[in-house]
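Taking it in order: structure first as structure tokens, then the write-up.
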Amino acid sequence: MDIKEFSIKNKKIVFIVFGLFLCFSLYYFGVYNSISDVTIASSYKSYDDISSLDKGAELIVIGSTAQDFEDREHKATFFDDGTLEDFYSLTNIKVNKVLKGADGIKNGDNLNIIEPASIIQTVEGKQRLLRDDYQPLEKNKNYILFLKKNDNGQYSIINMNLGKLDLADKDKKFKMKNKDDKLMKDAFEKYLTESDDAIQSYDETSETDTQQN
């Protein structure tokens with residue numbers, strides 16, 4: 001083999017390696033690391049008014065999380081045939097105000113709670129699993145959270161999206177003929193009168209932390 005043939009062969013190898021690297025990069029960043037939402041229907045106990053929701057919750061707090069959803073602890077179990085069995089995420093929250101207490105939990109405590117959402121990795125990309133269109137808590141937002149222990153003694157959000165009320169919605173115009181709107185309005189009126197100090201305190205801390213970061 002002369003020098004010219006050797007050079008051509010090396011160039012072909014370089015092009016092949018480069019092509020494989022390019023294909024892998026496109027797959028990894030364009031497919032493997034992509035995120036799509038998958039909504040999964042489920043049965044759960046729903047509460048249509050603030051009175052029943054208050055009674056159904058063992059713990060009610062104003063809380064917030066400093067975690068992005070992707071950074072939370074995601075759990076998923078599968079049957080032997082690979083079919084999805086169960087999923088959830090563990091979200092660490094800061095308790096800014098206890099509205100209905102349990103287990104000696106107090107203002108300023110940190111608590112891991114279960115949300116009915118998770119992320120799994122597949123060859124087609126990451127899938128964000130959501131029960132009944134549940135939307136996970138957003139980072140650094142304050143919520144009224146209605147919690148109840150599951151069979152394993154872990155606090156979980158109840159009533160899906162109506163078990164986590166974003167305080168940013170407290171001044172919105174509610175349609176009282178809509179039962180979801182009525183529940184939210186009644187909840188804000190019931191709980192927020194005693195919580196302005198905690199909300200203000202957390203907002204100032206959150207803003208300072210954001211500026212420092």
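The values are calculated or read from the model by the stated rules, or taken from the named source; none is laboratory data. Quick caveat: nothing in here was measured; it's all calculated off a predicted structure. Methodologically, a virtual Cβ is constructed for each residue, glycine included, from the backbone with ideal geometry; neighbour enumeration extends over all protein chains shown.
Some notes on this structure:
- I35, sole failed condition from (1) over 22 Å from the mean Cα position of the chain (by Cα); (2) at pLDDT below 95: (1)
- Filter pass, I144 being surrounded by 16 or more Cβ atoms within 10 Å (Cβ to Cβ) and under 15 Å from K94 (Cα atoms): yes
- Selection from the stretch 101-124 of residues that are surrounded by 15 or more Cβ atoms within 10 Å (Cβ to Cβ) and assigned to a strand (DSSP E or B): L111, I113, I114, E115, A117, S118, I119, I120
- Of all residues in the stretch 64-85, those that are part of a loop (DSSP other than H, G, I, E, B) and under 18 Å from L145 (Cα atoms) total 5.
- Any hit, the stretch 183-194, residues being within 18 Å of A66 (Cβ to Cβ) and among the hydrophobic types (A, V, I, L, M, F, W, C): no
- Listed conditions (1) within 13 Å of the chain's Cα centre (by Cα); (2) assigned to a loop (DSSP other than H, G, I, E, B) are all met by L130, apart from (2).
- Selected residue (only one of I35, I50, I40, I60 is surrounded by fewer than 13 Cβ atoms within 10 Å (Cβ to Cβ) and of a type in the set (V, I, T)): I35
- Meets criteria (modelled with pLDDT of 95 or more, more than 18 Å from Q135 (Cβ to Cβ), assigned by TED's automatic domain parsing to the domain that holds K139 and of a type in the set (V, I, T)) for V123: no
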